[in-house]
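Student: Before I ask anything, here is the structure I am working with.
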Amino acid sequence: MKELLAVVVCALVLAACATPTETGNKTATNVNKATGTTTSTMSEAEVIAKEKEAWDLVRRKDFDGFRTIMASDGVYVSHHGVLDPAGTVNQVKELELTDLSFSDWKVLPIDKDAVLVTYTAHIQGRIMGQPLVASSVRGTTAWVNRDGKWLAMYHQDCEAKSAPPPGANKPAKGAASPSSSTAQAATGNDPIADEKIIWDALKSRNFDGFAALLAPDSVEVEPEGVYDKAGSVQGVTRIDFSKASISDFKAVKFDEDAALVTYMVYLPDVAPEGEHHTTIWVNRGGKWLALFHQGTPVLKMVQPVSAKPAASPAAKAKPRPSVKY
């Protein structure tokens, strides 16, 4: 099993992961100070403490304890697919952490019984005896209150990559964005149907319609960076979504006012192998809006590397951008 470098790192958590540093786009505001400000019914400091506890359970190989912090219907979205709690535990068992640090904490309330945290995890270690390259991972965990106990309902991570230089990304060619008055279906409490509505807007380059479907405080996590609403809207103008296909939907309900949907995205020239995408939808004043989105490129297998891999032409090759949104 000489696989997963980035992903074995990912396997670490259904309760721990990463967000980034600033990018060329307008990024989401980082919350680096655990001030005790109340978000949902847990403070920022309490949420961050739970994340660190999850990583410590993995570091100490306390897999029974690690399993108890996960909701029974929770999901972990990695480069390799969507795992249930049992699959998540199996994936982390072969991981040994030798160095671990965190940065760029951000806590985002979902509702009174759910809260989201993102941050960057900087990791070194071994997987099945093979050394891991020092890695930075962008990840997200959603914690939910189940009968008074906060459990990890959702985790997703992706390798952290450098943001493209300013001016490197230009708007994609395609039809002009339709008028904001273009008819658009109304969202509801079905996250799969809602996600299809948002993709219809992207495919038709209705960026006004796309923006109207995002919550004002929405956050998007991609390998190249973390974006606020303005950054997300700006990012989608650079991609031609007309040939995108989406499939393999799985919906998970947090409570009456929040749910997530995870699915696959295929897009020629950008993500032909596919990417795992997740959106969290929330009910804000009777209207369902997209609060959070993350994309993780598919990674089937990575060859093992030496502890100090030599540079190679392939390593210097320009990476293909991931799908924004």
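Student: Might you check whether a residue that is of a type in the set (A, V, I, L, M, F, W, C) and part of a loop (DSSP other than H, G, I, E, B) occurs anywhere in region 108-129?
Tutor: Keep residues of region 108-129 that are of a type in the set (A, V, I, L, M, F, W, C), which gives 108, 110, 114-117, 121, 123, 127-128.
Narrowing further to those that are part of a loop (DSSP other than H, G, I, E, B): 128.
Taking every residue of region 108-129 in turn, at least one turns out to be of a type in the set (A, V, I, L, M, F, W, C) and part of a loop (DSSP other than H, G, I, E, B).
Student: Is it the case that region 59-73 has a residue that's in contact (Cβ under 8 Å) with a residue 24 or more places away in the chain, among the polar types (S, T, N, Q), closer than 28 Å to G274 by Cβ and touching a helix residue (DSSP H, G or I) at 6+ places or on another chain (Cβ under 9 Å)?
Tutor: Looking through region 59-73, none of the residues is in contact (Cβ under 8 Å) with a residue 24 or more places away in the chain, among the polar types (S, T, N, Q), closer than 28 Å to G274 by Cβ and touching a helix residue (DSSP H, G or I) at 6+ places or on another chain (Cβ under 9 Å).
Student: Among the residues that make up region 126-141, is at least one of them modelled with pLDDT of 95 or more, out of contact with any Leu (no Cβ under 7 Å at 6 or more places or on another chain) and of a type in the set (A, V, I, L, M)?
Tutor: no
Student: Looking only at region 173-184, how many residues end up being at pLDDT 60 or above and surrounded by 13 or more Cβ atoms within 10 Å (Cβ to Cβ)?
Tutor: 1
Student: A further question on this structure: Could you please let me know if A251 is surrounded by fewer than 18 Cβ atoms within 10 Å (Cβ to Cβ), in contact with a helix residue (DSSP H, G or I) (Cβ under 7 Å, 6 or more places away or on another chain) and of a type outside the set (D, E)?
Tutor: Values: surrounded by fewer than 18 Cβ atoms within 10 Å (Cβ to Cβ): yes; in contact with a helix residue (DSSP H, G or I) (Cβ under 7 Å, 6 or more places away or on another chain): yes; of a type outside the set (D, E): yes.
The answer is yes for A251.
Student: Filter region 185-217 for residues that are in contact with a Pro (Cβ under 8 Å, 6 or more places away or on another chain) and buried (at least 19 other Cβ atoms within 10 Å of the Cβ) and give the result. Walk me through how you get there before you give the answer.
Tutor: Filtering region 185-217 for residues in contact with a Pro (Cβ under 8 Å, 6 or more places away or on another chain) gives 204-206, 208-209.
R205, N206, G209 - these are the residues of region 185-217 that are in contact with a Pro (Cβ under 8 Å, 6 or more places away or on another chain) and buried (at least 19 other Cβ atoms within 10 Å of the Cβ).
Each row is one residue, and each column tells you yes or no for (1) under 20 Å from the mean Cα position of the chain (by Cα); (2) over 16 Å from L151 (Cα atoms).
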site	(1), (2)
D62	no, yes
G65	no, no
D73	yes, no
H80	yes, yes
G87	yes, yes
Q91	yes, yes
L97	no, yes
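Student: For region 111-157, how many residues meet the condition of being touching a strand residue (DSSP E or B) at 6+ places or on another chain (Cβ under 6 Å) and either of a type in the set (V, I, T) or farther than 22 Å from V282 by Cβ (or both)?
Tutor: Residues flagged as touching a strand residue (DSSP E or B) at 6+ places or on another chain (Cβ under 6 Å) and either of a type in the set (V, I, T) or farther than 22 Å from V282 by Cβ (or both) within region 111-157 amount to 19.
Student: Take region 213-229 and flag every residue that is in contact (Cβ under 8 Å) with a residue 60 or more places away in the chain and within 18 Å of N283 (Cβ to Cβ). Talk me through it step by step, then tell me what you get.
Tutor: Within region 213-229, the first condition is being in contact (Cβ under 8 Å) with a residue 60 or more places away in the chain, and the residues that meet it are 213-215, 217-228.
Matches in region 213-229: L213, L214, A215, D217, S218, V219.
Student: Mind listing just one residue for me: the one in region 210-256 that is out of contact with any strand residue (DSSP E or B) (no Cβ under 8 Å at 6 or more places or on another chain) and small (G, A, S) and, of those, modelled with the lowest pLDDT?
Tutor: By that ranking, first place goes to S242.
Student: Confirm whether V31 is crowded, with 20+ Cβ neighbours inside 10 Å, modelled with pLDDT under 90 and farther than 27 Å from Y263 by Cα. I'd like the intermediate steps shown before the answer.
Tutor: Working: crowded, with 20+ Cβ neighbours inside 10 Å: yes; modelled with pLDDT under 90: yes; farther than 27 Å from Y263 by Cα: yes.
Spelling it out, V31 is indeed crowded, with 20+ Cβ neighbours inside 10 Å, modelled with pLDDT under 90 and farther than 27 Å from Y263 by Cα.
Student: If G125 satisfies all but one of (1) of a type outside the set (S, T, Y); (2) farther than 25 Å from S218 by Cα; (3) crowded, with 22+ Cβ neighbours inside 10 Å, what's the number of the condition it fails?
Tutor: G125 satisfies every listed condition except (3).
The values are calculated or read from the model by the stated rules, or taken from the named source; none is laboratory data. Being a predicted model, the structure only gives us computed values, none of them experimental. Because the Cβ atoms are built from the backbone with ideal geometry, glycine has one as well, and the counts that use them run over all protein chains shown.
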